[in-house]
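Data first, discussion second: the structure below is written as structure tokens.
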Amino acid sequence: MSSLYSITLFLHSWNRWLILIAGVIVIAAAIRGLSSKTEYSSSQRKWSLIFLSSLHLQLLIGILMYFFISPITMQALSDFGAAMKDSALRFWAVEHAFVNIIAIGLAQAGSILVKKQNNSAGKHKRTLIWSGIALLLILAMIPMGMMGVDRPWFRF
Ligand code: HEM
């Protein structure tokens with residue numbers, strides 16, 4: 001395994017935990033905010049920023065691996081037709097990349113809409129909907145045995 005490949009896989013694998021932790025905190029705070037009718041706080045703003053920044057980092061590393069580093073996606077790109085017939089290749093070349101790009105787009109759109117909304121209940125609601133859908137899509141695309149693709153939870 002080339003060292004650049006192992007470095008990017010390592011970063012992409014660990015950054016997944018930052019995304020998941022920040023995502024859960026963002027959503028839990030929105031639910032709490034809605035149920036106890038509290039103001040949208042600066043800590044919520046901070047965790048939303050951490051969630052979005054970690055997603056942007058994941059997108060950047062993902063695109064680098066997808067087009068230049070991963071032997072799996074390079075093989076898929078060299079014969080896309082054949083890759084579509086192989087479920088593991090298709091998972092990386094299509095499902096994982098595209099569903100996650102959509103999820104990141106939804107989280108980004110949500111954050112813009114939250115900024116535009118000026119009452120706290122509306123901010124909580126928009127956070128819950130947009131980040132909630134994004135997090136569900138991200139969870140569905142983490143390779144944990146579904147679709148025949150399994151990867152370590154913790155990469156060393
Ligand atoms: C929130 C978004 C994402 C999460 C949580 C995520 C998570 C993961 C995880 C856990 C792995 C396995 C790493 C390992 O083997 O240790 C992986 C691999 C990979 N991801 Fe992502 N990913 C995300 C977004 C993306 C995006 C947007 C792309 C491409 C545009 C992408 C491309 C890849 C590639 C190419 C691999 C490596 C395949 C190989 O083993 O060669 N990922 N991702």
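The values are calculated or read from the model by the stated rules, or taken from the named source; none is laboratory data. Note that this is a predicted model, so its numbers are computed, not measured. Keep in mind that these areas ignore ligands, DNA and RNA; they rest on the heavy atoms of the full protein, side chains included. Shrake-Rupley method; radii C 1.70, N 1.55, O 1.52, S 1.80 Å.
Miscellaneous remarks
- The sum of -39500 (n - 2.57) across all DSSP H runs of n ≥ 4, divided by the residue count of the chain, sets its helix-only mean residue ellipticity at 222 nm to -24500 deg cm²/dmol.
- Ligands, DNA and RNA left out, the accessible area of the stretch 3-148 computed with a 1.4 Å probe is 72% carbon and sulfur.
- On Cα atoms only, tilt of 42-64 relative to the major axis of the chain in degrees: 10
- Normalised by the number of residues in the stretch 3-148, the mean separation of alpha-carbon contacts (under 8 Å, six or more apart) gives a relative contact order of 29 percent.
- Lysine pair number, Cα distance threshold 20 Å (strictly under), the chain, separation 8 or more or different chains: 12
- Karplus-derived 3J(HN,Hα) values for the stretch 116-121, using 6.51 cos²θ - 1.76 cosθ + 1.60 with θ = phi - 60°, are 6, 7, 10, 9, 4, 4 Hz; glycine and proline are entered as x.
- Computed over the chain, Kirkwood Rh from alpha-carbon pairs, angstrom: 16.6
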